[in-house]
1. Per residue, how large is the accessible surface of segment 76-196? Use a 1.4 angstrom probe and give square angstrom.
2. In whole percent, and with a 1.4 Å probe on the protein chains, what portion of the accessible area of segment 124-168 is carbon and sulfur?
3. Take the Cα of residue 58, step 7 Å along the line toward its Cβ, and report every residue of segment 144-161 whose backbone nitrogen sits under 13 Å from that point.
4. Around residue 143, what is the net charge, scoring Lys/Arg as +1 and Asp/Glu as -1 over all other residues with Cβ under 15 Å from its Cβ?
5. Once R0 is set to 45 Å, what does the formula 1/(1 + (r/R0)^6) return for the Cβ-Cβ distance between residue 199 and residue 274, expressed as a FRET efficiency to the nearest 0.05?
6. Give me the net charge for the shell around residue 127: Cβ to Cβ below 15 angstrom, other residues only, Lys and Arg +1, Asp and Glu -1.
7. Out of every Cα pair in segment 156-265, what percent are spaced more than 22 Å from each other?
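The values are calculated or read from the model by the stated rules, or taken from the named source; none is laboratory data. Note that the structure is a prediction, hence the values are computed from the model and not measured. Every residue, glycine among them, receives a Cβ derived from its backbone with ideal geometry; neighbour counts consider all protein chains shown. Heads up: the accessible areas ignore ligands, DNA and RNA and are worked out on the full protein's heavy atoms, side chains in. Shrake-Rupley method; radii C 1.70, N 1.55, O 1.52, S 1.80 Å.
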Amino acid sequence: MSAFRTPRWPRAALSGMAAAALLSAVLPTASPARAADRSGPAVPARYAHQRLNWQPCAAKPSLECARMTVPRDWHHPGTGADLSVAVSRHRAADPARRRGVLMMAAGGPGASGLTRPADFAARSPAVGAAYDVVGFDQRGVGSSTPVRCQTDAEFQDFYAHDFRDRSPAALRGVLDRSRQLVAGCLRRSGDLIPWLTTEQAVRDMDLFRALLGVRKISYYGPSYATWLGAYYATEFPQRVERAVLDSNLDFSGTWQDVEGGQPRSFQRRFEQDFLPWTAPVTTPRTTTGAPRPRRRRGGRRAAVPCATIR
């Protein structure tokens, strides 16, 4: 029996929520104690006065791409070699109705966000018409200064095993390969790893905002990018106009806490969203030959064991 009995949100209540929020919902005013940005020392001129050299993106010609230079450590910008962050922009399709800049980020952490503004603007044309939609590859990722951890062969081997196998030998293998991954990261990119943090990344984001010449940004981010957006709004509350945190994570604990809770979330989604739509092996067929899932009392689909329908 399922341990999860919380009703699901009606689909109609969620439809269009992201677009509606971006076009109409303003973030609450920060409390007096948090009203001032905790921006720290002034950004050195060599970063603040750089210009973004926009060019068509090689991977997505509908976008403009550029690179910006950021310090390895924002708290000690004179220490260590600078990093490069790849940024992109999809200009508002209707300049007469332009409302500002919408910055978006990718989840993961570790996913590339550089080309996402093109697909976002195509799928949400009302938002793409009103905003310059901008994105970036977070430091350490993709086209930005990257982390090197494994060879291609080592990466393929890391995922070549059956993670459903819960035997002691299989679990030891997972731990051993994970330790090897960490050792590879430290061996190949040990001078970069300490600065690949959410706190450093949000300062990269704020430099990007400044180089775009805007006082405030709106923001959209899913999954880990909700963590990134929440952190940005905490550090720079007066520089956020509107925000959508999609599929948000708990911001009150550590990232390890988040990772520890994900299996339970996946199990809940499996039981509440997938199982009710699976069909038994023997079931009446529809006119097209497809199985007709049975319904429980109250109209919900009956949860049955997974089976292959031949």
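1. That works out to 54 Å² for each residue.
2. Of the solvent-accessible surface of segment 124-168, carbon and sulfur hold 53 percent.
3. Counting only backbone N, you get 144.
4. Summing Lys/Arg as +1 and Asp/Glu as -1 gives +3.
5. Between residue 199 and residue 274 the formula returns 0.80.
6. Local net charge: +3.
7. Within segment 156-265, distances greater than 22 Å cover 52 percent of Cα pairs.
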